[in-house]
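Novice: Here it is, the structure in full.
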Amino acid sequence: MLFKSADQFVIGSVTTAKNFHISPMLIGLTVVALGTSAPEIFVAAAASLRGEPELAVGNAIGSNIANMGMVLGLTAILVPLPFRPQMLKKDLPIMIFVTLCAGVALYDLKLGILDGVLLLFGLALFLGRVALEHRKEQSLELPELEDVPVMTVSKSIITLVVSLIFLLISAELLVYSVIGIAGQLGISELIIGLTVIAVGTSLPELVVSITSVLKGQTDMAIGNILGSNIFNILAVLAIPSFLAPSTIEPAVLHRDYALMLGMTLAITLFAYGMSSRARITRIEGCLLLAIWCIYILTL
């Protein structure tokens, strides 16, 4: 329900915007913002409102780790993933910078309003950069828009409202279930957020990436992960900062964030320094997947 309603929510948002003659630029930014991280955003909001910010933090960091280890690892094993020059110049450095911003926010083992402001400011800068780039190019290269159907005004609004309702309900049910299971098994919500929920909310990225490489669109596979990771930090991690400011466990910084940063640097090394060709090879994909598997087993 979470995955399907998130997908329909993006479609409803885009078609409603089109029907009300909102600019393609804003429609594109809607797809970028919602299409990559809608499940994580709503789960984080539901968890924070229930007073479980650890689950929201675990979901954001765990999803990024799963994106790099599980998704990029499995995808690169199928087909080696080359980096376009634009990714090396802009997208990858932005992901590194954003990951470092997350470290600044988590460094004092507290997530507060100031941290949320820092992250949302970064999100505004990122969306502004996307808008400026597309304005210069006079085009909107967003593959997701090609799959959006044509709808009447009433149908698009109904799709938007109904999908939003189901998105809220499914996120609430998921968080409610996780808290109950964690309580009965004696496992912290953070661990479940880092494992089960993180893997679950990363499954759409896995499907998109594998489908993309099988169609020969390797650019989209990497771009999908870079965009998702950026939004998971800037948008998803900002939610508990505002809705449930709290202290966090030291393990979040020393274990989970450290691994997220390490995997980000490993991908950077694969892209810039390991060979003359900027790509993630099958061997490097196996390494990323093995690191992720060891991490999950350790948790």
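Novice: Out of the range 267-286, which residues are free of Cβ contacts under 8 Å to residues at least 24 places away in the same chain and either in contact with a Lys or Arg (Cβ under 7 Å, 6 or more places away or on another chain) or closer than 28 Å to residue 107 by Cβ (or both)?
Specialist: The initial filter retains those residues of the range 267-286 that are free of Cβ contacts under 8 Å to residues at least 24 places away in the same chain, namely 269-270, 273-276, 283.
Scanning the range 267-286 gives 269, 270, 273.
Novice: Take the conditions crowded, with 18+ Cβ neighbours inside 10 Å and among the hydroxyl-bearing types (Ser, Thr, Tyr) and apply them to residue 247. Does it pass? Break it down into steps so the answer makes sense when it comes.
Specialist: Numbers: crowded, with 18+ Cβ neighbours inside 10 Å: no; among the hydroxyl-bearing types (Ser, Thr, Tyr): yes.
Spelling it out, it is not the case that residue 247 is crowded, with 18+ Cβ neighbours inside 10 Å and among the hydroxyl-bearing types (Ser, Thr, Tyr).
Novice: Further question: Yes or no: residue 282 modelled with pLDDT under 95 and closer than 16 Å to residue 75 by Cα?
Specialist: Details: modelled with pLDDT under 95: yes; closer than 16 Å to residue 75 by Cα: yes.
Against the criterion (modelled with pLDDT under 95 and closer than 16 Å to residue 75 by Cα), residue 282 qualifies.
Novice: Need the failing condition index for residue 231 against (1) more than 23 Å from residue 14 (Cβ to Cβ); (2) assigned to a helix (DSSP H, G or I), just the number.
Specialist: Condition not satisfied by residue 231: (1).
Here is a yes/no grid of residues against (1) at pLDDT below 85; (2) within 16 Å of residue 79 (Cα to Cα); (3) among the aliphatic types (A, V, I, L, M); (4) touching a strand residue (DSSP E or B) at 6+ places or on another chain (Cβ under 7 Å):
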site: 180; (1), (2), (3), (4): no, no, no, no
site: 185; (1), (2), (3), (4): no, no, yes, no
site: 202; (1), (2), (3), (4): no, no, no, no
site: 208; (1), (2), (3), (4): yes, yes, yes, no
site: 216; (1), (2), (3), (4): yes, yes, no, no
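Novice: Here's a follow-up. Specify which of the listed residues (202, 188) is buried (at least 19 other Cβ atoms within 10 Å of the Cβ), touching a residue at least 12 places away in the same chain (Cβ under 8 Å) and not acidic (Asp, Glu).
Specialist: Values: 188 fails: buried (at least 19 other Cβ atoms within 10 Å of the Cβ).
Among 202, 188, only 202 is buried (at least 19 other Cβ atoms within 10 Å of the Cβ), touching a residue at least 12 places away in the same chain (Cβ under 8 Å) and not acidic (Asp, Glu).
Novice: Same structure, new question: Among the helices (runs of 4 or more DSSP H) contained in the range 30-119, which hold 2 or more residues that are in contact with a strand residue (DSSP E or B) (Cβ under 7 Å, 6 or more places away or on another chain) and either among the hydrophobic types (A, V, I, L, M, F, W, C) or more than 22 Å from residue 191 (Cα to Cα) (or both)?
Specialist: Values: elements: 53-66, 72-78, 92-106.
Once the helices (runs of 4 or more DSSP H) in the range 30-119 are filtered for at least 2 residues that are in contact with a strand residue (DSSP E or B) (Cβ under 7 Å, 6 or more places away or on another chain) and either among the hydrophobic types (A, V, I, L, M, F, W, C) or more than 22 Å from residue 191 (Cα to Cα) (or both), what remains is 72-78.
Novice: Only one residue in 2, 72, 114 is modelled with pLDDT of 90 or more and either farther than 29 Å from residue 271 by Cβ or among the hydroxyl-bearing types (Ser, Thr, Tyr) (or both), so which one is that? Walk me through it before giving the result.
Specialist: Numbers: 2 fails: modelled with pLDDT of 90 or more; 72 fails: either farther than 29 Å from residue 271 by Cβ or among the hydroxyl-bearing types (Ser, Thr, Tyr) (or both).
Exactly one residue qualifies, and that residue is 114.
Novice: For residue 253, all conditions in the list (1) in a helix (DSSP H, G or I); (2) at positive phi hold save one; what is the number of the exception?
Specialist: That leaves (2) as the condition not met.
Novice: It is to be established whether one or more residues within the range 70-78 are buried (at least 24 other Cβ atoms within 10 Å of the Cβ) and under 30 Å from residue 180 (Cβ atoms).
Specialist: Looking through the range 70-78, at least one residue is buried (at least 24 other Cβ atoms within 10 Å of the Cβ) and under 30 Å from residue 180 (Cβ atoms).
The values are calculated or read from the model by the stated rules, or taken from the named source; none is laboratory data. Fair warning: this is a prediction, and the values are worked out from it, not measured in the lab. Counting neighbours? That spans all protein chains shown, and the Cβs are built from the backbone with ideal geometry, glycine included.
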